[in-house]
């Protein structure tokens, strides 16, 4: 776009990008939002629970059809398979692991054999949410958190809950059953829905119309050849980030609109569902914080159902298994697998290094923010801020590096390798250097 | 009025008049009847006035019907001006190293013949007008064209950077109306001109690309935002130059079944090839050399050329003159925070080569 003057660029941007993006953004989701609202209102009519579950199943089916057309059968097949396993193993105490393996096999077969990549890629998000719901239900049954296998209509209501079926996020079965009880309509509920919707459209605009042209149109930094590569990588990364936030805020909107996503404390109801924390990702303290802030429900799910169960094999193994599980949920994409595995190493090494530095220096330099009553001696010295600032800069660099080659359609393995080579494998080398440093100060 | 002439003279005069009018009335821009004016008009800097375009329409050399269309559509005058500028700059750029360098001297004579150069002029003019109209549509300068908001949840594709598919469709339709292109014509020359105009329009269409971006859980494609983007006109010019270099000579064939005249491909070894493809430029006559001054061009005498690459062909074997010239150029440029570039000025002596006169 170098040939356009800045003024001409901004004129084109308004009519050519901002307007059609909002138009398309709303056009594709307004029916989903409407169905969520109708479902919520109908639940307030005092229907028996059976009909409430049934209504959200109908809404969920229709929504799946809207987005995926006949390909929705794969999502339906997955859910039927899950219920079959749960039912057949209803007297077993190992439903969690068994169901996990079954789902893994289904997803791998689907990826490799059953259909073309584009279609599978499109539904990947919904498949992931269904898989997470079923696995969490199975493990909760094993632990007695859910006391008996739900009825088919309850199970399907949970799986096809219209508020989460397309854009997520994962919610627990008990959260769903709470939602079915149907809280009162209120101003705070409505405002939460509207604000999340506005935020999602705003993020879509940033993803499409601001991030790709950040330099030099929005921020007049030109840079030489080397810097330009990193600036462009940052643009790609930012565009991908805000696409994720768009989906996250949209998920907040649909979930809240459909009546879930609240917390209740002693008759104090708060509609406070949060899926992503953009500020913690764009201005990170550490990569650990980035990883959890990217998608909080998924982070919670991975922590509860993968990480804690794998801790018996050691923390490093647990971390790698967690990232592997995350990669598998995302489908057999070399690119995503490579990014997540790299992310696993980066977060682990940063975590142990900062833990060690915190012990040696007796300072608040851990990966996570210290609570105000921690016992470290040094908290607000300048050098403490400098160390934390350095790690923040490193996190920004890692984010730019890892996010630099997300494309509308996933590319082949060579594209990832090529992009990282272009950036001189910087994050990999830096992570290795930090690991060496960590070994030196043990 | 024909009473004093022999009986056969009157029909001949009528035929000549018809031919003249049909040629004179048909085209615009580089292929228009009279010399071009593509500099900004006197109203370029005036605040937008409801009637300003009326004066602009009168100033341009258009046919009566074209002027009527121009007056009816407020944004058209500006668009026409832009398209003339586009086509002229692109033509000169693409032919900068050719013997015929898109000089406007001799253009009138050129347009009366069926050379390759004539074909290129027709194509680049229609392409530029098509391109400029599509841009004008998307930026709202043309009032009548609209982007068709047909329903379709995930297959609908809107626009970005200037063009939606419907804008291009509209501009194509308008273009044919403006140029007075008729559907069916038995005149061979008219068929050739229409064909070449369509090549230009098609070249613009082939540059329309659709890009989509996926949004969904973890980058899946539950939601897509798509847009069409028109290629820069330089790309279209480049494509048309390639079409020019691979243009096809045609001749007329009478279809024995219908009795109508049709275009047919080059005659080779007594076999007539099928009619030219819609993407091929076509011409009737081999071009003159363009070496010497003639009705069609001022010749190549005095043309600057590159010693190693283009002097031998451009100068038609006459050789070249060498001269020394001092030029200034920017050097040692640095980016200053924030945000401009500072350069020093260097002098450089360079040799300039120009073709000898005949």
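Each reported figure results from applying straightforward, stated rules to the coordinates on display, with no laboratory input. As the structure is a computational prediction, the values presented were derived from the model and not from experiment. No Cβ is skipped: glycine too gets one built from the backbone with ideal geometry, and neighbour counts run over all protein chains shown.
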May I have the extent of the alpha carbons of the stretch A:137-192 along their three principal axes, as whole Å values ordered from largest to smallest? 39, 22, 19
Tilt relative to chain A, helix A:225-257 - C-alpha long axis, 0 to 90 degrees, to 10: 20
Assertion target for A:432, A:249, A:242, ordered by fewest C-beta neighbours within 10 angstrom first, is A:432, A:242, A:249
Angle in degrees between helix A:334-361 and the longest Cα principal axis of chain A, rounded to the nearest 10: 60
If you build a Gaussian network model of chain A, linking Cα atoms that sit under 10 Å apart, which residue out of A:359, A:211, A:138 swings the most? A:359
Between the helical axis of A:117-143 and the dominant principal axis of chain A, each derived from Cα atoms, what acute angle in degrees is found, rounded to the nearest 10? 70
Restricting to Cα pairs under 8 Å and 6 or more apart, the percent relative contact order of the stretch A:47-181 works out to 40
Rank these for me by crowding, B:311, B:221, going from fewest to most other beta carbons within 10 Å. B:311, B:221
For the stretch A:303-366 and the stretch A:277-298, what is the separation of their C-alpha centers, rounded to whole Å? 14
Rounded to a whole number, the mean other protein chain Cβ count within 10 angstrom for residues of A:24-31 is 4
Give the order of A:351, A:330, A:91, B:131 when sorted by the count of other beta carbons within 10 angstrom, beginning with the fewest. A:91, A:351, A:330, B:131
Other protein chain Cβ atoms within 10 Å, averaged over every residue that makes up A:242-251: 3
Kirkwood hydrodynamic radius, chain A, all distinct C-alpha pairs: what's the number in Å? 23.6
At a temperature of 37 °C and a viscosity of 0.692 mPa s, determine how fast the stretch A:277-441 diffuses translationally according to Stokes-Einstein, using the Kirkwood radius over alpha-carbon pairs as Rh; express D in µm²/s, rounded to the nearest whole number. 195
Report the calculated FRET efficiency for residue A:418 and residue B:286 (r = Cβ-Cβ distance, R0 = 51 Å), to the nearest 0.05. 0.55
Restricting to Cα atoms and excluding each atom paired with itself, what does the Kirkwood estimate give for the stretch A:47-181 in Å? 15.0
